[in-house]
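Novice: Submitted below is the structure of interest, expressed as structure tokens.
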Amino acid sequence: MSLTLRVLAPDQSVFDGTAEEVILPSTSGQVGILPGHVTMLAALDTGVMRLRSGGAWSTIALMGGFAEVEADEVTVLVNGAELGSSIDAAAAEAAFEAAQSAAAAFEGQATSANKVKALQALATARARFQATKAG
């Protein structure tokens, strides 16, 4: 048995196929989905979705959204997404290091619009960098 998986961003269909297993970065932690999973709606955090298809694991960087599971169909609607295999690992690592430095500058300061933007940029850079490490 397998799952039908669709990952949709506003500007593109990122993935449309089948998978044996999906691991989602929900706002309350990692959620594993296997065939026969109960119907579910989950809020997704910025992070890495892992999927096993044809026995091999691959990754997709997700930029927050929602996932619906119903009758062995998983639909993931996100603000943005990138296949891990299409991300330049060296550029993603450099962007992650730069985002860490930018966020560190706000450490200990009160919450501000700039601090929130820096933390969001860090989460996005972290997800992209982690997605380059398939499996």
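Novice: Strands (runs of 3 or more DSSP E) wholly in the range 51-135 with at least 3 residues that are surrounded by 17 or more Cβ atoms within 10 Å (Cβ to Cβ) and touching a strand residue (DSSP E or B) at 6+ places or on another chain (Cβ under 6 Å) - which ones?
Specialist: By residue number, 56-70, 73-78.
Novice: Turning to a different aspect of this structure: When you look at residue 39, is it over 17 Å from residue 8 (Cβ atoms), modelled with pLDDT of 95 or more and surrounded by fewer than 16 Cβ atoms within 10 Å (Cβ to Cβ), yes or no?
Specialist: yes
Novice: Now for a separate question. Only one of 112, 28 is polar (S, T, N, Q) and assigned by TED's automatic domain parsing to the domain that holds residue 7. Can you tell me which?
Specialist: On inspection, the qualifying residue turns out to be 28.
Novice: (1) within 15 Å of residue 130 (Cβ to Cβ); (2) among the β-branched types (Val, Ile, Thr); (3) free of Cβ contacts under 8 Å to residues at least 40 places away in the same chain: which one isn't true of residue 46, the others all being true?
Specialist: Single failed check for residue 46: (3).
Novice: Let me ask you something else. Could you tell me whether any residue of the range 74-87 is over 14 Å from residue 14 (Cβ atoms) and either of a type outside the set (Ser, Thr, Tyr) or out of contact with any Gly (no Cβ under 7 Å at 6 or more places or on another chain) (or both)?
Specialist: No, that holds for no residue.
Novice: Of the residues that make up the range 113-129, is at least one more than 14 Å from residue 25 (Cα to Cα) and hydroxyl-bearing (Ser, Thr, Tyr)?
Specialist: No, the range 113-129 contains no residue that is more than 14 Å from residue 25 (Cα to Cα) and hydroxyl-bearing (Ser, Thr, Tyr).
Novice: Looking at 21, 73, 93, can you tell me which residue is in contact (Cβ under 8 Å) with a residue 40 or more places away in the chain and not basic (Lys, Arg)?
Specialist: 73
Novice: Look at residue 86 and say whether it is among the hydroxyl-bearing types (Ser, Thr, Tyr) and closer than 18 Å to residue 129 by Cα. Quick ask: steps written out before the conclusion?
Specialist: Working: among the hydroxyl-bearing types (Ser, Thr, Tyr): yes; closer than 18 Å to residue 129 by Cα: yes.
For residue 86, the condition - among the hydroxyl-bearing types (Ser, Thr, Tyr) and closer than 18 Å to residue 129 by Cα - is met.
The values are calculated or read from the model by the stated rules, or taken from the named source; none is laboratory data. In this text the structure is predicted, and so the values were computed from the model without any measurement. As a convention, Cβ positions derive from the backbone with ideal geometry for all residues, glycine included, and neighbour counts pool all protein chains shown.
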